[in-house]
Amino acid sequence: MLNRHAVELGILAALALECRVAPESVFARKNYFYPDLPKGYQISQYEQPLATDGRLTFAVAGEPRTVRIRRVHLEEDAGKSLHGDDAVRAAGHAEGYSLLDFNRCGVPLIEIVTEPDLRAPEEARSFLETLKLVLEYTGVSDVKLEEGSLRCDANISLRPKGSGESGVAVEIKNLNSFRFVQRALAHEIERQAALLDAGRPVVRETRQYLEATGTTAPLRGKEEAQDYRYFPDPDLVRLVVDAAWQERLQARLPEMPAAKHARYLDELGLPEHEARVLTSSLPLSSFFEQAIAQGGEPRAVANWTVGELCRLMNAHAVSPCELKLTPAHLVELLQLLDAGTLSRPLAREVLEASLLTGNSPRAVAQARGMTQISNEAELTLLVDRVLSAHPGPVADYLGGKERALGFLVGQVMRASGGRANPQTVGRLLKEKLGREG
Amino acid sequence: MNREQVLHVARLARLSFTEDELEEMARGMNAILAYIDLLKRVDTAAVAPMAHATAPANVFREDEPAPSLSPEEWLQAAPWRSGPFAGVPRFVEE
Amino acid sequence: MRLLGSIDRLASELARKEYSAVELVEEALDRVERLDGTLRAFITVLPETALAQAAAVDRARSRGDRLSPLAGIPMALKDNLCTRGIPTTCGSRMLDGYRPPYSATVWRRLEAAGAVLVGKTNLDEFAMGSSTENSAFFPTRNPWDPKRVPGGSSGGSAAAVAAGEVVYALGSDTGGSIRQPASFTGVVGLKPTYGRVSRYGLIAFASSLDQVGPLARTVRDSATVLHAISGHDPLDSTSAAVPVPDWAARLDGEVRGIKIGVPLEYFGTGVDPEVARLVRQAVDLLVGMGAEAAECSLPHTEYAVATYYVLAPAEASSNLARYDGVRYGWRAPGAKSLTELYTLSRQQGFGREVKRRIMLGTYALSAGYYEAYYLKSQKVRSLIRQDFDRAFERFDVLAMPTSPEVAFRHGERASDPLRMYMADALTIPVNLAGLPGISLPCGFSRGLPVGLQLVGRPFEEETLLRVAHAYEVATPEWRQAVPPGIAAGRGDDA
């Protein structure tokens, strides 16, 4: 029996890809024999899929490209096969057998098929990265290639120069990363071009990508021409998606990456780099938006998120999902910075501590006695000590060398253990040296 | 259907026949197909196909996990098994 | 002879503790022991589990539990209904020895009602046939004449009920497989509206046509059993969420004002004139009781068999792809490659008729033929349904023969598949249209039972059962006849 939630995710994916959702769609049986297919057919959709005629725009080297989406449909997963004596022996089983694991059979999948609009391996890769992001945004999948929650087959054909007709298409399977997609396609282009140049035909077939060599090889066991004998599955009923249901789901659709990117530039005034980094990760952009919602100033929040926060997450190998630091923490940190309570260097230190412990920046700063010294009496003592210890730079400054002031500020900061408010220190130094600004 | 067609369909259906069976199968199928040709007389130009006897739509279950058969239970009937797996003669060379 | 009595009578006798459920099932097992060597209605007999189930009912009764009328009544299941832990062969070598890890919904419901399962009955392999001669194990004989077939594919269930080995049985009906054997053996066979009864755990033949239903001695019994097995099942998408009335309680013998249509196409070429006469006589009797009858036409009837023999094999070719020797069922020994494993297992596991239908269906769905065969047949199916829809604008039920002829001899049609297929010519249209149909005895031709078929509107089993019951009550002679060679003793309820 059909899982309602799976249907809704399928519709969300279709809507995110600007597809036309079919008012009525039909489940069909795709008939073929394969050991990991327990019924001898796969439940899929054929003549009347869930949705058709969509599009997705992505960028290649900064230039926008649009791929047409032919269809989005629902189908069921098959099982898994374990081959090879090594794997089989390692699992403690008999040699000469392939083992079959049916645990994931029947799990719903969404299949997305593009039109043949992609022209180069790097385009395919960029498209896939954008598609992955869109699917992540819609919450349709956690898009983990390594766990199989996102999978990809690539079809490629060459078109002789000047010809309007595409050549014979070859399907490539076993593509476990986008990098492999790009490499496999590049290899296929070479292979097919060499065949055509030699006047030999390209065979319509399914090939698999071999990671070790970066090449493709025919998939064995698929030698026979397939005839899937699709027909409507008599065990399942029609799926009807009326306008009301579609509207409810449309309303649930979050802002897509491209729209978000534009809004960050136009409405929030973020620089291009920061807008791009933030929108290319859903957890990062939602961190950013929550911080703004809690009163953070967008440019400062973006700057700190993309800069310092990302650097720290990298350095400590923390993913955005595991982050103990909350958006509210970042806002608090920026407030401490603004108020002059923390200097920039101190703020960085506090951020790191918050990121690692989950304690609030204010608590971290207080616990470490890191609050900035703005008290003038206290600072005046330090300033006096620095002035008497460094007569040379004082003379330089008085002689007109502005840069010497920086040196003196630095010495006061050092003497304060970094806690002095640099603005106040600068003003006090100028007063002492009789050159008020 | 000629012999070649019968063999092709048998391959699709993963069936095999002896020569005698093949001949009998072809004869039986041809007789039935000749009878089915009766349908050509029906004008169906304006008729929609009927896949179901009843016409409900949108029969769903909710996304709630529920127990299902364990491999131990369903593998009881497997002609060959090893641990939690069924198995077949190795079908992909590596 | 208690077992030739009705559920109603046995249930009240059990309630009065005139005898126990254990005594009743012992009698059934004894009859199976004596009769089944000749009849061969059962593939599997289950004395231990049956006695245990009966004992449980007796205990529940002595505790004073409220019991279903089916509690303690000996019954049988066609062997294409899955029974957890109990062999379910589907009449095929392919599933010889297969013990399913789960039970069909219909059996779970009956089990919960205290039904006592005497055994699993013979059938044409995978329910493909009209004589029960296609069983991989042995043919079943007709209790009325052992030289004749009991019909099929639910021939084992029909013979077991007719001979009083059990009180009722379940069968499945894809193109007539309940009604035609009921007609051949002189019992009542009911095919419910498609969707009325869950198909979960019924080993699929043609999913858009298959429906489970009862074979019983009386119309009232059929209503009681139908009530117990009906209702929406979350495990079957095609099972309908419609109310399940207490049909048996509403049977009052009244047919005044009921409009009966008599479709002329069901009385034409190929129909034994004596069969046609008896059916017309039955309609006349109902008219005499206050019903109205008129002739009508279902013009696409002649295309039903051809349509069916495209659609049913097409679905079967896909439904039977799962028998590949991998997860259950027959696996050819010594297969060295995957392809060999598949083809040898299927070659050895399936019988001739099953292979023929898989071949036909695979062909009808294959590239280049789908539109000419499969799609075309689906369109003709629409026309057949529309014929019925139009007729039901004027009539409440349609009356016609169940089978063109009485039971034929063993071996008579085995070598001519097309002629065998014609045995279902009058039942197939009802499956294609998804309607409820019932077959009940309406007389004898040359000593063999003849069946009256009544067909109703979708989900209007109530009208169907009302008319059938009224006719039955008016003709007790058909029920009081007992097959020769079957020990005397008769059901006397009405």
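Need the C-alpha centroid separation for the stretch A:42-65 versus the stretch A:151-165, integer Å. Value for the Cα centre distance between the two parts: 17 Å. What the phi angles of the stretch C:244-255 give under the Karplus curve with 6.51, -1.76 and 1.60, with θ = phi - 60°, is a coupling list of 10, x, 7, 4, 4, 5, 9, 7, 10, x, 9, 10 Hz, glycine and proline written as x.
For the stretch A:152-222, what percent of Cα pairs sit more than 15 Å apart? Result: 51 percent of Cα pairs exceed 15 Å.
Solvent-accessible area of C:LEU418, all protein chains in place: 40 Å² (probe radius 1.4 Å, heavy atoms, ligands and nucleic acids excluded). Shape summary: the stretch C:17-143 maps onto an equivalent ellipsoid whose semi-axes, from the alpha-carbon gyration tensor, are 27, 17, 11 Å in decreasing order. When all protein chains stay in place and ligands, DNA and RNA are ignored, the 1.4 Å accessible-area order of A:THR215, A:THR424, largest first, is A:THR215, A:THR424.
Shielding by partners for peptide B:67-80, expressed as the average number of C-beta atoms from other protein chains within 10 Å of each residue's C-beta, is 5. Taking all protein chains together and rolling a 1.4 Å probe, C:HIS232 ends up with roughly 80 Å² accessible. Averaging the Cα positions of each part gives two centres, and for the stretch B:39-59 and the stretch A:268-294 these lie 53 Å apart.
When +1 charges are put on Lys and Arg Cβ atoms and -1 charges on Asp and Glu Cβ atoms, the dipole computed for the stretch A:345-437 relative to its Cα centre reaches about 100 debye.
Counting Cβ atoms of other protein chains within 10 Å of each Cβ in A:32-44 and taking the mean gives 5.
Paramagnetic label reach from C:PHE138 (point 7 Å along Cα→Cβ; backbone nitrogen cut-off under 12 Å): within the stretch C:11-47, residues C:33-45.
Per-residue accessible area (protein heavy atoms, 1.4 Å probe) orders C:GLU472, A:GLU171 as A:GLU171, C:GLU472, starting from the largest. Residue-wise HN-Hα couplings along the stretch B:11-21, as the Karplus relation 6.51 cos²θ - 1.76 cosθ + 1.60 with θ = phi - 60° gives them from phi, are 5, 4, 8, 6, 10, 9, 9, 6, 4, 5, 4 Hz; Gly and Pro carry x.
Rounded to the nearest 0.05, the FRET efficiency derived from the C-beta distance between A:VAL168 and A:ARG311 at R0 = 35 Å is 0.10. Note on A:99-105: average number of Cβ atoms from other chains within 10 Å of each residue's Cβ is 5. The modelled label-to-label distance for the pair A:LYS324/C:GLN480, using points 7 Å beyond Cα in the direction of Cβ, is 9.2 nm.
Hey, could you get me the Stokes-Einstein D for chain A, Kirkwood radius over alpha-carbon pairs, 37 °C and 0.692 mPa s, rounded to whole µm² s⁻¹?
Diffusion coefficient, whole number: 122 µm²/s.
Take C:ARG409, project a point 7 Å from its Cα along the Cβ direction, then tell me which residues of the stretch C:123-153 have their backbone nitrogen under 16 Å from it. Output list for this probe position: C:142, C:145-150.
Inter-label distance, A:ASP242 to B:GLU73: 3.7 nm, where each label sits 7 Å from its Cα along the C-beta direction. Restricted to Cα atoms, the protein assembly as shown shows a radius of gyration and a Dmax of 38.2, 137 angstrom.
Under the rule a/c < 1.5 gives rounded, and otherwise a/b versus b/c splits prolate from oblate, where does the stretch A:82-207 land using the Cα gyration tensor? Oblate.
Taking A:ARG311, C:ARG413, B:ARG61 and ordering them by how much accessible surface each has at a 1.4 Å probe, largest first, produces A:ARG311, B:ARG61, C:ARG413.
Label separation (C:SER337 vs A:ASP384): 9.9 nm, computed from points 7 Å beyond Cα along the C-beta direction. Our helix-only sum for the protein assembly as shown, with -39,500 (n - 2.57) per DSSP H run of n ≥ 4 divided by its residues, gives a mean residue ellipticity at 222 nm of -12000 deg cm²/dmol.
Compared with the dominant principal axis of the Cα atoms in chain A, helix A:344-357 is inclined by about 50°.
Taking the C-alpha atoms only, the angle from helix A:243-252 to the longest principal axis of chain A is near 30 degrees.
Once the Cα atoms are used to define both axes, helix A:178-197 deviates from the longest principal axis of chain A by about 50 degrees. Where both bridge residues fall in the protein assembly as shown, DSSP classifies roughly 75% of the beta bridges as antiparallel. Summing +1 for each Lys or Arg and -1 for each Asp or Glu among the other residues whose beta-carbon sits under 13 angstrom from that of A:LEU109 gives -2.
Given a 1.4 Å probe and the protein chains as shown, C:VAL242 ends up with an accessible area of around 50 Å².
The values are calculated or read from the model by the stated rules, or taken from the named source; none is laboratory data. Please read all numbers here as calculations on a predicted model, not as lab measurements. Methodologically, a virtual Cβ is constructed for each residue, glycine included, from the backbone with ideal geometry; neighbour enumeration extends over all protein chains shown. These accessible areas exclude ligands, DNA and RNA; they are computed on the full protein's heavy atoms, side chains included. Shrake-Rupley method; radii C 1.70, N 1.55, O 1.52, S 1.80 Å.
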